[in-house]
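The values are calculated or read from the model by the stated rules, or taken from the named source; none is laboratory data. As the structure is a computational prediction, the values presented were derived from the model and not from experiment. Note that we place each Cβ from the backbone using ideal geometry, even for glycine, and neighbour counts take in every protein chain shown.
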Amino acid sequence: MALIQCSVCNKRISDKSITCASCGAPVNSKDAEATERAERNLRWKRNKRIQNYSFLTLLTFLIGAFLFWAHRDEIHSWSYYIGVFLLSTGFIGYSVLRIYKMLKK
Ligand SMILES: [Zn+2]
């Protein structure tokens, strides 16, 4: 038994297996349709994951914005600092995800 690399997801799999355990792509087969299906499935999963992270960063940003706005008159309070932290974390996280998504297309 040897370990080979899956042509779709690049994970290490056994050359004796029929399909990749990670993405379901056929191993040692010229079934182009099944390979394409596995690729499409993998792309869909990745997009879904990015979408979930984007939602989380957006939520972080909004909570931060609310705290920032609600405590704008008390700029040395913890709530204000937490607001600023969440606001910037959410913004940076969202921007990084957008750039990542653009580059992966
Ligand atoms: Zn795979």
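As an exercise: evaluate LEU42 against (1) free of Cβ contacts under 8 Å to residues at least 24 places away in the same chain; (2) closer than 26 Å to LEU3 by Cβ and give the number of the one condition it does not meet.
Every listed condition holds for LEU42 apart from (1).
Output the residue which, of all residues in the range 22-34 that are touching a strand residue (DSSP E or B) at 6+ places or on another chain (Cβ under 9 Å) and either more than 10 Å from the ligand (Cβ to nearest atom) or more than 15 Å from CYS9 (Cα to Cα) (or both), is modelled with the lowest pLDDT.
Here the answer is SER29.
What about VAL8, is it over 21 Å from the mean Cα position of the chain (by Cα), surrounded by 13 or more Cβ atoms within 10 Å (Cβ to Cβ) and either within 16 Å of the ligand (Cβ to nearest atom) or on the phi > 0 side of the Ramachandran plot (or both)?
No: the conditions fail for VAL8.
Residue check, MET1 against (1) within 14 Å of the ligand (Cβ to nearest atom); (2) more than 21 Å from the chain's Cα centre (by Cα); (3) assigned to a loop (DSSP other than H, G, I, E, B); (4) of a type in the set (A, V, I, L, M), all met but one. Which one?
MET1 satisfies every listed condition except (1).
Which of the numbered conditions does ILE13 fail, given that it passes all the others? Conditions: (1) near the ligand (Cβ under 10 Å from one of its atoms); (2) in a loop (DSSP other than H, G, I, E, B); (3) over 26 Å from MET102 (Cα atoms).
All conditions pass for ILE13, except number (2).
Can you name the condition, by its number, that GLN51 falls short on among (1) polar (S, T, N, Q); (2) assigned to a helix (DSSP H, G or I); (3) more than 17 Å from the chain's Cα centre (by Cα)?
(3)
To keep it simple, each residue is scored yes or no on (1) under 17 Å from TYR94 (Cβ atoms); (2) among the polar types (S, T, N, Q); (3) surrounded by 13 or more Cβ atoms within 10 Å (Cβ to Cβ).
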position: ILE18; (1), (2), (3): no, no, no
position: LYS30; (1), (2), (3): no, no, no
position: ALA38; (1), (2), (3): no, no, yes
position: ARG43; (1), (2), (3): no, no, yes
position: ARG49; (1), (2), (3): yes, no, no
position: PHE61; (1), (2), (3): yes, no, yes
position: GLU74; (1), (2), (3): no, no, no
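Quick one: is LEU56 free of Cβ contacts under 8 Å to residues at least 60 places away in the same chain, in a helix (DSSP H, G or I), in contact with a Gly (Cβ under 9 Å, 6 or more places away or on another chain) and more than 16 Å from the ligand (Cβ to nearest atom)?
yes
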